[in-house]
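Where a number appears in this text, it was derived from the coordinates with a stated rule and is not lab data. Predicted model, so just to flag it, every value in this text is computed and none were measured. Cβ coordinates were reconstructed from backbone atoms using ideal geometry, including for glycine residues, and neighbour counts include every protein chain displayed.
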Amino acid sequence: MTERKALPTIDTARCTGCGWCVAACPPHVLSLEAVNWQKFAMLHDEPGCTGCALCAVKCPFGAISMRRIPDPPEVR
Ligand code: SF4
Ligand code: SF4
């Protein structure tokens with residue numbers, strides 16, 4: 001399994017629903033959702049995200065930021 005270090009956070013206030021990030025995501029874990037007649041991108045499969053940040057790079061509106069995932073706590 002690929003080690004994942006970050007997850008995208010989508011700022012729905014900035015997202016225009018253009019779909020660039022959806023097209024750019026290699027494992028296809030992003031999709032467009034419609035809420036109250038407005039479309040925005042959503043990470044629908046968090047475990048499937050590799051943290052590659054391609055979506056954040058592609059977004060023309062700066063709506064995606066990568067949030068670092070802290071190392072998992074040690075299992076005792
Ligand atoms: S970080 Fe990569 S895998 Fe995860 S949603 Fe963005 S483009 Fe897809
Ligand atoms: S590329 Fe940016 S603005 Fe376009 S759908 Fe994705 S998050 Fe929204």
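Below is a table of values for the structure above.
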quantity: Karplus 3J(HN,Hα) series, Hz, for the stretch 22-36 with 6.51 cos²θ - 1.76 cosθ + 1.60 (x for Gly, Pro); calculated: 4, 6, 7, 6, x, x, 6, 9, 9, 8, 9, 10, 10, 10, 6
quantity: Projected label distance in nm at SER65 and ASP45, using a 7 Å step from Cα toward the beta-carbon; calculated: 2.8
quantity: Assigned charges on the beta-carbon of Lys, Arg, Asp, Glu; the chain dipole about Cα centre (debye); calculated: 180
quantity: The chain - Kirkwood radius from inverse mean 1/r over Cα pairs (Å); calculated: 12.9
quantity: The chain: Cys lacking any partner C-beta under 4.7 angstrom; calculated: CYS15, CYS18, CYS25, CYS49, CYS52, CYS59
